[in-house]
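Here's the structure, in structure tokens; my notes come after.
What follows is calculated from the coordinates using simple rules that are stated; it is not laboratory data. Treat the numbers as computed from the prediction; the structure is a model and nothing was measured. Methodologically, a virtual Cβ is constructed for each residue, glycine included, from the backbone with ideal geometry; neighbour enumeration extends over all protein chains shown.
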Amino acid sequence: MTLTELRYVVALAQDAHFGRAAERCHVSQPTLSIAIRKLEDELGVPLFERAKQSVTPTPLGQKIVALAVQVIDQVARIKDLATADHDQLSGRLALGTLPTIGPYLLPQFIPLLQELAPELSLYVEEASQAELAAKLRAGDIDVALLTLPFSEVDIVAQALFDEPFVLLLPSSHPLAGKLEITAAEMLPEEVLLLRDGHEFRAQVLDSFPHLRTAVDQPTITQVQGSTLETLRHMVASRLGVTILPMAAAQMPLYTSKVLTIRKFKEPAPARTLALAWRASFPRHKAIDVLRRAVQASSTAYWNYNTVPEQERPIISVENSDW
């Protein structure tokens, strides 16, 4: 029994005519007829009832045809997997990302990704973490750029790097005179947060529990924003201060005379960025090149997540005249 013979059987069952089935299989009618007769002899049962006007499968033939269709489909999947392995860095790659990540990392890593994989066509959409999980499971996106913790059945999550939180404040603010800030130095009523429901809002409150004072007290009127950019503009308007991921804070929308960035003292709070994809997703090379592009273009990765290479000792010379 061969795959070719199974294809002949399926074609004949679908066309119910030796001539049309042979034409579809690009062989002569005698070739197709002989191959099917050979298979029937091998199995010891007739697969078709032959009449002058038509050819129909026998009851057993119908079952064998159904199995043959499944076999042919599985063989096609094997070929698709093999093709995908050869062409993993070409074609469409659907990426989902959080609104607090995409606008700040996409401009950094997409140019590098285009250099590493010029044939890769990136499609991007933003959604919440829960929506990204649902889109991954449904196959609407291939990979998601999100934050940990993230745990879903049959989905792989790989940490990329930790991105520190920083304080964004007006340059005229008293805390702008400090090089580093402690959590206790922030007045809860001054800190501007995203609206309830945003993952980043929850991460900030988890990292700075004392800020819940302003959130939980109805007597304190707290200004909230719907996006990180809204928060930035609010700070520029001197409505308060805010906590941002490093990549978002470094966007050069305002001069240093308007806004100032200050780090938190170690151990500084941070969020962990990660890539997530279905365990069955076959294009692992595409995931790998995406990971390398995101890491290589991120300031947070190089400054806070890598170990400096050992270099040869450097001789230090002091000269009081310099």
Legend entry - Estimated dipole of the chain in Debye, rounded to 20 [Cβ of Lys and Arg +1, of Asp and Glu -1, Cα centre]: 700 debye
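Need the full-extension length gain, Leu112 to Thr31, defined as separation in residues times 0.36 nm minus the C-alpha distance. One decimal, nm.
23.7 nm
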Inset, instruction - Kindly provide the helix-only [θ] at 222 nm of the chain, computed as the sum of -39,500 (n - 2.57) over DSSP H runs of four or more divided by all residues, to the nearest 500 deg cm²/dmol? - result: -12500 deg cm²/dmol
Legend entry - Whole-Hz couplings from phi, Karplus 6.51/-1.76/1.60, listed for segment 277-282; x for Gly and Pro: 8, 5, 4, 8, 5, x
Inset, instruction - Going by C-beta contacts inside 10 Å, put Tyr123, Tyr254 in order with the fewest on the left. - result: Tyr123, Tyr254
Inset, instruction - Return the long-range amide H neighbours of Ile181 (sequence gap of 5 or more, or a different chain), with a cut-off of under 5 Å between placed amide H atoms. - result: Lys263, Phe264, Lys265
Inset, instruction - Return one number: the angle in degrees, 0 to 90 and rounded to the nearest 10, between the long axis of the Cα atoms of helix 29-43 and the longest principal axis of the Cα atoms of the chain. - result: 90 degrees
Inset, instruction - May I ask for the angle, rounded to the nearest 10°, between helix 284-296 and the longest principal axis of the chain, with both axes built from Cα atoms and the value confined to 0 to 90°? - result: 10 degrees
Legend entry - Nearest-ten-degree value, helix 102-116 long axis tilted from longest Cα axis of the chain: 50 degrees
Inset, instruction - Mind jotting down the three principal axis lengths of the chain based on Cα atoms? Whole angstrom, largest first. - result: 103, 61, 28
Inset, instruction - Alpha carbons only, please: Rg and Dmax for segment 3-86, in angstrom. - result: 13.8, 48
Inset, instruction - Among His17, His198, rank each residue by its count of other Cβ atoms within 10 Å, from fewest to most, as a rough exposure measure. - result: His17, His198
Inset, instruction - Note down the relative contact order for segment 3-86 as a percent, whole number, built from C-alpha pairs under 8 angstrom at least six residues apart. - result: 29 percent
Inset, instruction - Pull up all non-local amide H partners of Leu192: gap of 5 or more, or a different chain, and H-to-H distance under 5 Å with H placed in the peptide plane. - result: Val241, Thr242, Ile243
Inset, instruction - May I ask for the distance between the Cα centers of segment 230-284 and segment 1-59, given as a whole number of Å? - result: 66 Å
